[in-house]
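FYI, it's all coordinate maths here, none of it is from the lab. In this text, all values refer to a predicted model and were calculated from it rather than measured experimentally. Cβ atoms come from the backbone with ideal geometry, glycine included; neighbour counts cover every protein chain shown.
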Amino acid sequence: MLVFPTRTAPWSSNFCTTVSLFKNKVSCQSSVVSSHRLFSTTKICWNIMPAWVIDKYGANDVLRFTKNAAFPIINYPNEVIVKVCAAGLNPLDVSMRGGYGAATLSMKRDPLTIKQAGMEFPLILGRDVSGVIMECGLDVKYFKARDEVCAAIPPWKQGSFAEFVVLSGNEISLKPKSLSHVEAASLPYVANTAWSALVNTGGLNKDNCAKKRILILGGSGGVGTFAIQMVKAWGGHVTVTCSQNAERFVRGLGADHVVDYTAGPVDESLRALEKFDLILDNIGGDTERWALDLLKPWTGAKYVTLVTPFLQNTDLLGIADGMLQSAATMGRKALKHLAKGVHYRWGFFAPSGPALDDIREMVDAGQIRPVVEEIFNFSEVPKAFEKMEKGHARGKTVVQISNPGDEF
């Protein structure tokens with residue numbers, strides 16, 4: 001893919017000028033905007049915006065709507081301000097609301113521990129965003145104001161359940177032209193997670209995936225449904241475990257073979273099949289006990305699990321002891337299975353704009369389609385969290401954000 005540098009925003013980077021542009025209500029639904037400058041001569045600066053925040057960790061009742069959330073600002077020259085048009089809700093957001101990963105994420109936000117404990121509040125959740133760039137930092141070369149973009153927001157940053165969000169230019173990608181903002185907001189987090197697990201950790205790519213046998217444990221969830229489509233687009237053979245009511249759904253996404261885990265011991269059914277080159281585990285639990293025996297030994301086959309104890313260890317034991325415990329666990333398991341001729345790996349979410357660039361091409365080529373299960377208005381964010389807690393068999397929950405302050 002060829003990428004050509006473009007100029008930064010055609011107006012001054014002065015914050016007051018930028019804010020006056022926001023007051024003209026640039027639409028998220030249209031990609032056609034007048035070439036005339038849209039800012040006014042007002043001297044008033046905006047420093048607040050509507051958002052859903054939490055002031056402490058807890059259950060659904062800690063979610064609070066405010067029209068006075070701090071307006072995001074560009075602190076580094078490679079950052080952009082994005083007006084949010086749609087935001088995706090993930091199980092991670094529900095876990096973070098309850099304090100999951102708080103110790104590690106607080107260290108990432110404040111590595112020198114300069115701030116007091118609890119300074120992350122008020123915290124805005126939301127890991128997916130699709131929207132329109134309103135201003136670019138001076139070092140942003142590949143995007144410009146008014147570009148429609150999407151991104152997966154790192155969990156240590158303020159999220160997308162707000163009117164605006166700040167992101168690094170390395171984390172964003174142009175929105176697929178074939179998708180609406182709502183559809184685009186369903187992809188980035190699961191796409192970056194699947195890409196990180198299969199490509200960065202598993203070593204797959206479009207040139208070596210053909211004819212490889214891939215097993216996806218828990219294939220009807222968000223990451224699983226994306227991984228199925230990505231592997232099939234690259235010519236791999238995909239076996240999926242899921243419940244019987246999701247079988248037709250995952251076959252529609254391209255799964256070659258489906259094993260119903262409700263029909264009996266799933267490990268016995270899988271042992272009857274030819275061995276695999278890579279296993280992506282979205283389930284965890286006791287699957288590690290038997291899943292690695294399904295890999296082809298001494299061929300470089302890998303088991304990649306997305307269910308790791310890393311953040312739990314740091315939450316319970318602290319940063320230093322938690323990281324030490326995680327390293328010991330990972331090392332012990334890796335050596336144990338390496339002796340059997342297979343590789344044991346942990347997979348993690350990794351935000352990446354370049355990865356989303358490749359994914360955008362696959363989406364616009366019709367090789368990957370978004371799976372949106374439910375759409376909520378901005379005023380219904382607590383309801384979306386409540387439904388996410390109850391669990392979904394498949395699909396993505398998306399919050400559509402338009403005139404967020406006017407819904408209340």
Open item on the list: Between D364 and R251, what is 0.36 nm times their sequence separation minus the Cα-Cα distance? Round to one decimal in nm.
Closed with: 38.6 nm
- [ ] Mind listing the long-range amide H neighbours of M134? Cut-off is under 5 Å, sequence gap 5 or more, other chains count too, H placed in the peptide plane at 1.01 Å from N.
- [x] I81, V82, K83, R146
Task: Once exposed loop trypsin sites (Lys or Arg not before Pro) are cut out (DSSP; at most 14 other Cβ, 10 Å), longest piece of the chain - done: 212-339
Task: J(HN,Hα) series, the range 82-94, from Karplus relation 6.51 cos²θ - 1.76 cosθ + 1.60, nearest Hz, glycine and proline x - done: 10, 7, 6, 9, 8, 10, x, 10, 10, x, 4, 5, 5
TODO: Quick one: which residues, 5 or more positions from V342 or on another chain, have an amide H under 5 Å from its amide H? H modelled 1.01 Å from N in the peptide plane, none for Pro or chain starts.
DONE: W298
- [ ] Counting other beta carbons within 10 Å of each Cβ, put M119, M388, M323 in order, fewest first.
- [x] M119, M323, M388
- [ ] Return the lysines within reach of K340: Cα separation strictly under 21 angstrom, same-chain partners fewer than 8 residues apart disregarded; answer none if there are no such residues.
- [x] K212, K275, K296, K302
Open item on the list: Using the Karplus curve 6.51 cos²θ - 1.76 cosθ + 1.60 with θ = phi - 60°, what ³J(HN,Hα) values do you get for each residue of the range 261-267, in whole Hz, with x for Gly and Pro?
Closed with: 6, 8, 8, x, x, 5, 5
Task: Fraction in percent of alpha-carbon pairs per bin - 5 Å, the range 190-346 - done: 2, 10, 18, 22, 20, 14, 8, 5, 1, 0
Open item on the list: Through the Karplus equation 6.51 cos²θ - 1.76 cosθ + 1.60, θ set to phi - 60°, convert the phi angles of the range 346-354 into ³J(HN,Hα) values in whole Hz; use x for Gly and Pro.
Closed with: 9, x, 9, 5, 9, x, 7, x, x
